[in-house]
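Enquirer: The structure that follows is given in the form of structure tokens.
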Amino acid sequence: MENTNDPILFTEALREVQIVKVSLWELERQWRQREQDAYARGVEDGERALSEQLVQQRADLRHIQNRVFAELEGAIPQVIRDCEQALIAIAWETARKVVNSLEITPAMIEQALEEALGSLRQTGRVRVQLHAEDLALIERVNSPILLKELGGERIRLEASPEVGRGGCLVFTDFGTVDARREVKLELLRQSMES
């Protein structure tokens, strides 16, 4: 742009116009002041927007946190039930392994027979089935259980493939007592689960 000192011509007369003499330094100062004011307003607007955004994020985070806590509260009882079931399964399996690993002795067989016979409420003919090895074991040691009588009648002992080691089945005129070890273990497992 060319610097000329040509006068500016207006088509109409200017009204309420005052000539103000302002130095270049003053204009720059005013410009800088306006710039600083605009910057301050921008910072203030940014801080306000950031503050609103932080408040919203805190509210969102609180909502998520409450949902997580609610879900955890709902999950804890299920975790407890699952742990209880797992502990029961472990305890039962341990008991089964311990019982199955025990050496079968004449005293153990006699105790199983006495326990089964002790549960009878009547007298009369009694037939007891044992595992063949258990019967042979108590016969070899001449166990007093071989001579046991109930209601004046001798108990009849016989070998049976249906009975596992350490257990017995007792048959009377009134019913059967199932004292097999596997049945006792199953009853134990059921009682632990209930």
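Enquirer: (1) over 18 Å from residue 100 (Cα atoms); (2) modelled with pLDDT under 90; (3) of a type in the set (Val, Ile, Thr): which one isn't true of residue 183, the others all being true?
Expert: Of (1) over 18 Å from residue 100 (Cα atoms); (2) modelled with pLDDT under 90; (3) of a type in the set (Val, Ile, Thr), only one is false for residue 183: (1).
Enquirer: Do the conditions hold for residue 191, that is, is it of a type in the set (S, T, N, Q), open to solvent by 60 Å² or more (accessible area, probe 1.4 Å) and out of contact with any strand residue (DSSP E or B) (no Cβ under 6 Å at 6 or more places or on another chain)?
Expert: Values: of a type in the set (S, T, N, Q): yes; open to solvent by 60 Å² or more (accessible area, probe 1.4 Å): yes; out of contact with any strand residue (DSSP E or B) (no Cβ under 6 Å at 6 or more places or on another chain): yes.
Considered against the rule, which asks whether it is of a type in the set (S, T, N, Q), open to solvent by 60 Å² or more (accessible area, probe 1.4 Å) and out of contact with any strand residue (DSSP E or B) (no Cβ under 6 Å at 6 or more places or on another chain), residue 191 comes out as yes.
Enquirer: Here is a further query. Residues that are touching a helix residue (DSSP H, G or I) at 6+ places or on another chain (Cβ under 9 Å) and polar (S, T, N, Q): does segment 130-142 have at least one?
Expert: Checked segment 130-142: no residue is touching a helix residue (DSSP H, G or I) at 6+ places or on another chain (Cβ under 9 Å) and polar (S, T, N, Q).
Enquirer: Residue pairs, Cβ under 8 Å, 6 or more apart or interchain, first in segment 175-194 and within 28 Å of residue 82 (Cβ to Cβ), second open to solvent by 60 Å² or more (accessible area, probe 1.4 Å) and part of a helix (DSSP H, G or I). List them.
Expert: Cβ pairs passing all conditions: 185/96; 193/85.
Enquirer: Continuing with the same structure: Filter segment 90-126 down to residues that are within 24 Å of residue 143 (Cβ to Cβ) and among the charged types (D, E, K, R) and give me whichever is least open to solvent (accessible area, probe 1.4 Å).
Expert: 110
Enquirer: Here's something else I'd like to know. Which of the residues spanning segment 127-144 are farther than 21 Å from residue 175 by Cα and open to solvent by less than 40 Å² (accessible area, probe 1.4 Å)?
Expert: First, pick out the residues of segment 127-144 that are farther than 21 Å from residue 175 by Cα: 132-144.
Across segment 127-144, the qualifying residues are 134, 135, 137, 138, 143.
Enquirer: Which is open to solvent by 70 Å² or more (accessible area, probe 1.4 Å), under 30 Å from residue 178 (Cα atoms) and assigned to a helix (DSSP H, G or I), of 50, 61, 87?
Expert: The conditions single out 87.
Enquirer: Also, I was wondering about something else. So which residues in segment 152-163 are part of a loop (DSSP other than H, G, I, E, B) and either at pLDDT 90 or above or open to solvent by 70 Å² or more (accessible area, probe 1.4 Å) (or both), if there are any at all?
Expert: Within segment 152-163, 160, 161, 162, 163 meet the criteria.
Enquirer: Kindly list, by first and then second residue, each pair from a residue in segment 67-88 that is among the polar types (S, T, N, Q) to a residue that is surrounded by 10 or more Cβ atoms within 10 Å (Cβ to Cβ) and part of a helix (DSSP H, G or I), limited to pairs with Cβ atoms under 8 Å and residues at least 6 apart or on different chains.
Expert: 85/193
Enquirer: Of the residues that make up segment 129-141, is at least one over 45 Å from the mean Cα position of the chain (by Cα), at pLDDT 90 or above and assigned to a loop (DSSP other than H, G, I, E, B)?
Expert: So far as segment 129-141 goes, yes, one or more of its residues are over 45 Å from the mean Cα position of the chain (by Cα), at pLDDT 90 or above and assigned to a loop (DSSP other than H, G, I, E, B).
Enquirer: So which residues in segment 21-47 are open to solvent by 100 Å² or more (accessible area, probe 1.4 Å) and either in contact (Cβ under 8 Å) with a residue 40 or more places away in the chain or assigned to a loop (DSSP other than H, G, I, E, B) (or both)?
Expert: Scanning segment 21-47 gives a single hit, 21.
Enquirer: Ok, one more. What are the residues in segment 90-117 that are in a loop (DSSP other than H, G, I, E, B) and at pLDDT below 85, if any?
Expert: Step one: list which residues in segment 90-117 are in a loop (DSSP other than H, G, I, E, B), which gives 102-105.
Residue satisfying the conditions is 102 alone.
The values are calculated or read from the model by the stated rules, or taken from the named source; none is laboratory data. This structure is a prediction, so every number in the text was calculated from the model and none was measured. Ideal geometry is used to build each Cβ from the backbone, glycine not excepted, and the neighbour counts take in all protein chains shown. For the accessible areas, the whole protein counts, side chains as well, though only heavy atoms, and no ligand, DNA or RNA atoms are used. Shrake-Rupley method; radii C 1.70, N 1.55, O 1.52, S 1.80 Å.
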